[in-house]
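Scroll down for the structure; my scribbles are underneath it.
The values are calculated or read from the model by the stated rules, or taken from the named source; none is laboratory data. Here the structure is a predicted model, which means the values were calculated and not measured. Cβ sites come from the backbone with ideal geometry, for glycine too, and all protein chains shown count toward neighbours. Protein only, heavy atoms only, side chains kept; ligands, DNA and RNA dropped before computing areas. Shrake-Rupley method; radii C 1.70, N 1.55, O 1.52, S 1.80 Å.
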Amino acid sequence: MSTRLCIFTRVPRLGAVKSRLAVALGAEGALAAHCDLVEHTLAGLAAIPEVDTELWLDGAPDALRLRRA
(Lines give C-alpha, C1' and ligand atoms only; values in the text may rest on other atoms or scores of the structure.)
Protein backbone atom coordinates (compact mmCIF):
# COMPACT_ATOMS: atom_id res chain seq x y z
CA MET A 1 0.00 0.00 0.00
CA SER A 2 1.40 3.40 -0.96
CA THR A 3 0.97 6.74 0.69
CA ARG A 4 -0.10 9.84 -1.21
CA LEU A 5 1.61 13.07 -0.20
CA CYS A 6 0.35 16.37 -1.58
CA ILE A 7 2.78 19.27 -1.73
CA PHE A 8 1.14 22.69 -2.01
CA THR A 9 3.24 25.58 -3.29
CA ARG A 10 2.98 28.70 -5.39
CA VAL A 11 3.66 28.99 -9.07
CA PRO A 12 7.24 30.26 -9.31
CA ARG A 13 6.82 33.88 -10.43
CA LEU A 14 9.25 36.71 -9.90
CA GLY A 15 8.05 38.83 -7.00
CA ALA A 16 5.32 36.38 -5.97
CA VAL A 17 7.27 33.89 -3.85
CA LYS A 18 9.41 34.07 -0.70
CA SER A 19 8.66 37.77 -0.17
CA ARG A 20 10.36 37.87 3.24
CA LEU A 21 13.54 36.37 1.80
CA ALA A 22 13.42 38.86 -1.06
CA VAL A 23 14.35 41.61 1.39
CA ALA A 24 17.78 40.03 1.79
CA LEU A 25 18.13 38.09 -1.48
CA GLY A 26 16.30 40.29 -3.96
CA ALA A 27 13.36 39.09 -6.04
CA GLU A 28 15.52 36.91 -8.30
CA GLY A 29 17.29 35.32 -5.34
CA ALA A 30 13.98 34.62 -3.63
CA LEU A 31 12.64 33.01 -6.81
CA ALA A 32 15.77 30.86 -7.10
CA ALA A 33 15.45 29.83 -3.43
CA HIS A 34 11.80 28.89 -3.96
CA CYS A 35 12.62 26.74 -7.00
CA ASP A 36 15.56 25.09 -5.22
CA LEU A 37 13.45 24.25 -2.16
CA VAL A 38 10.65 22.73 -4.25
CA GLU A 39 13.11 20.72 -6.35
CA HIS A 40 14.93 19.51 -3.21
CA THR A 41 11.65 18.42 -1.61
CA LEU A 42 10.47 16.56 -4.72
CA ALA A 43 13.85 14.87 -5.23
CA GLY A 44 13.83 13.62 -1.65
CA LEU A 45 10.33 12.26 -2.01
CA ALA A 46 11.15 10.60 -5.33
CA ALA A 47 13.63 8.43 -3.46
CA ILE A 48 10.85 6.90 -1.36
CA PRO A 49 9.08 4.26 -3.47
CA GLU A 50 6.11 3.91 -1.12
CA VAL A 51 5.13 7.57 -1.58
CA ASP A 52 3.05 8.89 -4.48
CA THR A 53 3.68 12.61 -4.67
CA GLU A 54 1.33 15.26 -6.02
CA LEU A 55 2.46 18.83 -6.55
CA TRP A 56 -0.35 21.38 -6.37
CA LEU A 57 0.48 24.85 -7.66
CA ASP A 58 -1.47 27.78 -6.25
CA GLY A 59 -2.09 30.52 -8.75
CA ALA A 60 -2.04 28.16 -11.71
CA PRO A 61 -5.08 27.67 -13.92
CA ASP A 62 -7.51 25.33 -12.14
CA ALA A 63 -4.95 24.73 -9.35
CA LEU A 64 -2.60 22.79 -11.59
CA ARG A 65 -1.77 19.35 -10.22
CA LEU A 66 1.27 17.32 -11.22
CA ARG A 67 1.51 13.74 -10.09
CA ARG A 68 4.35 11.26 -9.82
CA ALA A 69 2.96 7.76 -9.56
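I'd like the full set of residues that are under 16 Å from L57 (Cβ atoms) and either loosely packed, with under 14 Cβ neighbours inside 10 Å or not aliphatic (A, V, I, L, M) (or both), limited to the stretch 12-21.
P12, R13, L14, K18
Mind checking which residues of the stretch 32-61 are open to solvent by less than 40 Å² (accessible area, probe 1.4 Å) and more than 22 Å from R4 (Cα to Cα)?
If the condition is that a residue be open to solvent by less than 40 Å² (accessible area, probe 1.4 Å) and more than 22 Å from R4 (Cα to Cα), then A33, H34 are the ones that fit.
Tally the residues that are in a helix (DSSP H, G or I) and among the polar types (S, T, N, Q), restricting the search to the stretch 27-57.
Of all residues in the stretch 27-57, those in a helix (DSSP H, G or I) come to 27-46.
If we keep only those that are among the polar types (S, T, N, Q) too, we end up with 41.
Number of matching residues: 1.
Tell me yes or no: at least one residue of the stretch 46-69 is at pLDDT 95 or above, in contact with a helix residue (DSSP H, G or I) (Cβ under 7 Å, 6 or more places away or on another chain) and of a type in the set (K, R).
No, the stretch 46-69 contains no residue that is at pLDDT 95 or above, in contact with a helix residue (DSSP H, G or I) (Cβ under 7 Å, 6 or more places away or on another chain) and of a type in the set (K, R).
Could you please tell me which pairs satisfy a Cβ distance under 8 Å, a separation of 6+ or placement on different chains, a first residue in the stretch 1-15 that is under 18 Å from E39 (Cα atoms), and a second residue that is assigned to a loop (DSSP other than H, G, I, E, B)?
These pairs meet every condition: R10/A16; R10/V17; R10/G59; V11/G59; V11/A60; V11/L64; R13/G59.
Scan (1) exposed (fewer than 12 other Cβ atoms within 10 Å of the Cβ); (2) among the aliphatic types (A, V, I, L, M); (3) at pLDDT 90 or above; (4) not in a helix (DSSP H, G or I) for the single condition A24 breaks and write down its number.
(4)
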